[in-house]
Amino acid sequence: MVMVKAYGYGLGPLGLSQFLEKNEVDYLGVANILEGVEIRKSGVQLPIMVMKPELKSFDLILKHQLSPVLFSIHSLLAYIKAIEEQNQTNQEFVVNLKIDTGMHRLGFHEEEIEKVIFLIKKHPNIKIESIFSHLAATDEPQHDDFTRTQIDLFEKLSTKITSQFTYQITRHLLNSNGIVRFPEAQYDMVRLGIGLFGFVTDKEIESQLKNTISLKTKIAQILTIKENETIGYGRNGITSRNTKIATVPLGYADGFSRKLGNGNWVMKINGKPAPTIGNVCMDMTMIDVSDINCNEDDVAVVFDTKEDILKMANQLDTIPYEVLTSISPRVKREFTED
């Protein structure tokens, strides 16, 4: 399974999903129903698992053949009610059960498992497609004992459920770092997220993973500004010499944080560094190109390596996930293959 939630981790869910289907991925994962509906409407036929379906929108789950995750007795009863209203007693309805093994975010608790089994057996047209849980700290070795406790609990509770049904039920537990660090717990499927973009905490493995994403813009205008002039909102950019600046159409509404202005980020133009100057605007950013031979419409690279993305994450006191998912939908996406 590849997670394509959060606007496809910033890449755009439609193009990414179509690319993954072309490359024979087995399953897609999304956060909510609308993400799943959008992908299904684009023509993607892969199974799509909805991690947190809205209980009042199960009709869309059924209409678009999405696969819901149930994580509480309340959500299970709501789903039972929705399929009863369909009045299709001969139709099979699939569900995925999420178990809380220690993340304490969503999931059935151990003491609820008996009731889950009872309710599903009571409705034979409901079929369990998969059982899964989520590990809290696979990227942090100091918590490995806790992770193994989660794995053991998942084995116990998932087996308790699967032993009560005669058909095959898929089990899955591992996220990107779990795939690398806990191969003994791969079960029947794994869930790839940030690893798709080359990021895992195991340095040896990460060195073998290619970067898959870059962010670029183009110079809209080049101006020469005299010494001691100011640039941008708040007049925060001050020239110390005659300065050539380039304005690029990328701002904080595109996901380029205001914290990256005033020299706190360096773009690359024709392979040379171009630091930001002045505040980042909503739609535009100014960069210093005094020492670069460049022209309007030349490409400015915001980032194009894993190291760039990690550096930006550190600069913003965050993680690569947030850097990527912050890229606005209005930024054009292009998919290319080597």
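Structure data summary
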| read-out | value |
| --- | --- |
| Filter result for the condition that a residue is more than 30 Å from GLU206 (Cβ to Cβ), at pLDDT 95 or above and buried (at least 16 other Cβ atoms within 10 Å of the Cβ), over ASP308, ASP288, ASP297 | ASP288 |
| PRO53 vs. criteria crowded, with 21+ Cβ neighbours inside 10 Å, over 30 Å from PHE256 (Cα atoms), at pLDDT below 95 and not basic (Lys, Arg) | yes |
| Verdict on THR212 being farther than 30 Å from ASN270 by Cβ and surrounded by fewer than 18 Cβ atoms within 10 Å (Cβ to Cβ) | no |
| Single match in ILE61, ILE83 (criterion: touching a strand residue (DSSP E or B) at 6+ places or on another chain (Cβ under 7 Å), farther than 20 Å from LEU106 by Cα and aliphatic (A, V, I, L, M)) | ILE83 |
| Matching option when the condition is surrounded by fewer than 20 Cβ atoms within 10 Å (Cβ to Cβ), in contact with a strand residue (DSSP E or B) (Cβ under 9 Å, 6 or more places away or on another chain), of a type in the set (Val, Ile, Thr) and outside any loop (DSSP other than H, G, I, E, B), among ILE205, ILE222 | ILE222 |
| Qualifying residue in the range 119-126 (condition: outside any helix (DSSP H, G or I) and within 18 Å of LYS98 (Cβ to Cβ)) | yes |
| Single residue of the range 182-202 satisfying the filter (out of contact with any Ser or Thr (no Cβ under 9 Å at 6 or more places or on another chain) and among the acidic types (Asp, Glu)) that is surrounded by the fewest Cβ atoms within 10 Å (Cβ to Cβ) | GLU184 |
| Filter result for VAL280 (touching a Phe, Trp or Tyr at 6+ places or on another chain (Cβ under 6 Å), aliphatic (A, V, I, L, M) and either surrounded by 23 or more Cβ atoms within 10 Å (Cβ to Cβ) or at pLDDT below 95 (or both)) | yes |
| Selection status of VAL248, buried (at least 20 other Cβ atoms within 10 Å of the Cβ), closer than 22 Å to GLU296 by Cα and touching a residue at least 24 places away in the same chain (Cβ under 8 Å) | yes |
| Count of the range 94-127 residues which are surrounded by 13 or more Cβ atoms within 10 Å (Cβ to Cβ), among the hydrophobic types (A, V, I, L, M, F, W, C) and more than 30 Å from the chain's Cα centre (by Cα) | 3 |
| Test: THR138 is assigned to a loop (DSSP other than H, G, I, E, B) and either among the aromatic types (Phe, Trp, Tyr) or in contact with a Phe, Trp or Tyr (Cβ under 6 Å, 6 or more places away or on another chain) (or both) | no |
| Residue that is in a helix (DSSP H, G or I), surrounded by fewer than 20 Cβ atoms within 10 Å (Cβ to Cβ) and at negative phi, where the choices are GLN91, GLN18 | GLN18 |
| Search result, residues across the range 232-257 that are polar (S, T, N, Q) and touching a Ser or Thr at 6+ places or on another chain (Cβ under 9 Å) | ASN236, THR239, ASN242, THR243, THR247, SER257 |
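The values are calculated or read from the model by the stated rules, or taken from the named source; none is laboratory data. Computed from a prediction, not measured in an experiment: that's the story for all the values here. Virtual Cβ from ideal backbone geometry, glycine too; neighbours counted across all protein chains shown.
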